[in-house]
1. For a Förster distance of 22 Å, can you work out the FRET efficiency between the beta-carbons of Lys277 and Gln360, rounded to the nearest 0.05?
2. Given a Förster distance of 45 angstrom, what is the FRET efficiency for Ala367 paired with Lys485, based on the Cβ-Cβ distance and rounded to 0.05?
3. When you count, for each residue, the other Cβ atoms within 10 Å and take the mean per peptide, how do 280-292, 638-650 rank with the highest first?
4. What does the convex hull of the Cα atoms of the stretch 188-278 come to per residue, in Å³, rounded to a whole number?
5. Within the accessible area of the chain, what % is carbon and sulfur when the probe is 1.4 Å and the other protein chains stay in place?
6. On a straight-distance basis, which lysines could pair with Lys143 in a cross-link, Cα separation under 20 angstrom, same-chain partners fewer than 8 positions away excluded?
7. Using the crude model of +1 on Lys and Arg Cβ and -1 on Asp and Glu Cβ, and no other charge, please compute the dipole size for the stretch 232-286 relative to its Cα centre, in debye to 20.
8. In percent, what relative contact order does the stretch 527-619 have, based on Cα pairs under 8 Å that are 6 or more apart in sequence?
Amino acid sequence: MKSFKLFGLSTIVAISALTSCKPKGTETAISGDAAERVYVAPGKYDEFYNFVSGGFNGQVSVYGLPSGRLLKSLPVFSVNPENGYGFSEETKPMLETSHGFIPWDDQHHLSLSQTNGEVDGRWLFANANNTPRVARLDLKTFKTVEILEIPNSAGNHSSPFLTENTEYVVAGTRFAVPTDDQNGDVPITTFKENFKGVISFIGIDKTSGEMDISFQIEAPGINFDLSHAGKGKSGDWFFFSCYNSEKANTLLEVNASQNDKDFIMAVNWKKAAEMAKAGKGRKVATEYAHNVFNESTHTATSTMKKEVLVLSVEDMKDAMYFIPCPKSPHGCDVDPTGEYIVGSGKLAALIPVFSFTKIQKAIADKAFSGEYDGVKVIKYEAALHGEVKKPGLGPLHTEFDGKGNAITSMFVSSELVRWNIKDLKVIDRVPTYYSTGHLMIPGGDSKKPFGKYVVAYNKITKDRYLPTGPELAQSAQLFDITGDKMKLLLDFPLFGEPHYAQALPGEMLKNQVKFFKIEDNKHPYVTKGEKESKVIREGNKIHVYMTSIRSHFAPDNIEGVKVGDEVYFHVTNLEQDWDVPHGFAIKGNQNAELLIMPGETCTLKWVPKKPGMYPMYCTDFCSALHQEMQGYVRVSPAGSNTPLIYSLNNKKDNAQSPVKQAVTK
Ligand code: K7E
Ligand code: CUA
């Protein structure tokens, strides 16, 4: 929500006038034992793993809590030269879309897979905001293993939120747009007739985790911001915050802030799924990419899908409702019991909390105030549990501590505010530095929050760090929430722009893959031992079947490559030990290095442009003789007669690796 930085002054003054609750008398200094509370001694582990969205860097970072140490950066939607993600032949298909290869996206929200509403440690889902996609990462390998494009959408913001047994992950479009089977080449001013807000329900295979769009719902043309599934009693429902009920197509800052209330949309997804099964809805022709990384071939494939099932407002007439919500709601959060749904109206001077029981009763009693584009609107009072009065300015997101309290982030007044879910009384507030967007309690959107800490992800850090140019690092702040007062423990800077985050106990990550078994490697260009290393020419394509083991490549001398050839180095890392990757790069390669995990095969494509001698080497310091892990490729002019030969250790009589003539096919 970078755009909040652009809050017009008039807006701020206007909402400031509505309430004036500057955090007073709150702790600004850290308490004496803070250093001890966050200190993780050398050799000790952090209690929680915190997965944080990277925003405009398109990646996910993993931090330890309470230390705030950066443990890893996981490439998801952006290419990553550090390990060749999106550059190696195997991973390029992961970033294919119906628009072609896309090396970047804007990553906002994360969801850890759940069983019975509790975090289960299997997968992490991530959304792409710009070119709508949802990714799945496997927590056994910490790798992105699947990316699914979302058709009929633009700006996949309300995503990737999960049902409590990970049956579905949802994707709600941020921008209303004409659907893919309509002509999108229409005047923008025809917004009201032509633009729709489509939400997608992506089915998740119970065992493999594979994603497939089960159905979409063509909702009215409003903008979906965020969502959360119900839990327990409300487990069949999904709740979406919506803005721009005005259907403005320009200067939304003003024109989409006219209505006193926008909506929370409540969708009974169980009913929707039944209708989709019963043959309701229409098949919409479209194109969307489904990219899957296969763990045994170590290779991704991209398939273009052609059709999706779309349910209409009419199909959904007894399964989809609007609930008025003041005023341009952002976060849409459901408490651990599933009874309370919190809408955070960015411009509202209060936080409305809706009751699931009352919503059900309102539907039964037909307590509707009218319709919006054919969708019944439940009366505000009939759905309302109550309002949190004067919580602070610019409420954005809410998480739950599992002890009957909610904590809401305040963007404008820069604070976290804790309030009781039942009586809606504010019980504590603490300043943040500054302008908090999302916040996160480990497990804080599940049935069973782990509690203990809350992390604020701040958009602005002016004066918190030494200057680093016009842009400063965005910042997380860790607070202890075990006592009556939230206590600031730590500031730590972050990569990219953080939005939502998730965390789980480190203990849940005990079944990690430590290396890939070489005998299980089904890569079509695998080389399972040095003896099998070889070079094959097919026309102008040269396939190098190469191995790496401490501390050499086989082969490490190749001659007879010609200008105009396309060389594919298929490097298999023969190591069978934890944490021994080898890297591979060659002078002039125009992509990135490979970083090959033990037992894995990765391919670097290299097209030399001029004759000469080209060194190649291992880029990852793998042993005392890592620096010696190097070799040469000789490149001759196009049309020359240099024979294609390869060797290790020069020796013709070396049975292990003689100088060999390449096979030409
Ligand atoms: Cu940053 Cu969740 Cu895109 Cu709020 S959203 S901050
Ligand atoms: Cu292998 Cu350095």
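The values are calculated or read from the model by the stated rules, or taken from the named source; none is laboratory data. These figures come from a predicted structure and were not determined experimentally. Counting neighbours? That spans all protein chains shown, and the Cβs are built from the backbone with ideal geometry, glycine included. To get the accessible areas, we keep the full protein, side chains included, count just its heavy atoms, and leave off ligands, DNA and RNA. Shrake-Rupley method; radii C 1.70, N 1.55, O 1.52, S 1.80 Å.
1. Details: r = 23 Å, r/R0 = 1.06.
For R0 = 22 Å, the calculated efficiency reads 0.40.
2. Values: r = 40 Å, r/R0 = 0.90.
Once rounded, the FRET efficiency stands at 0.65.
3. On the way: 280-292: 17.8, 638-650: 14.7.
Descending mean neighbour count gives 280-292, 638-650.
4. Looking at the stretch 188-278, the number lands at 129 Å³ per residue.
5. Working: 13940 of 26240 Å².
The computed percentage sits at 53.
6. Once the sequence-local lysines are set aside, what remains near Lys143 is Lys72, Lys92, Lys206, Lys510, Lys514, Lys517, Lys522.
7. So the dipole magnitude of the stretch 232-286 works out to roughly 540 debye.
8. Details: 201 pairs, mean separation 24.1, N = 93.
Relative CO of the stretch 527-619 lands at 26 percent.
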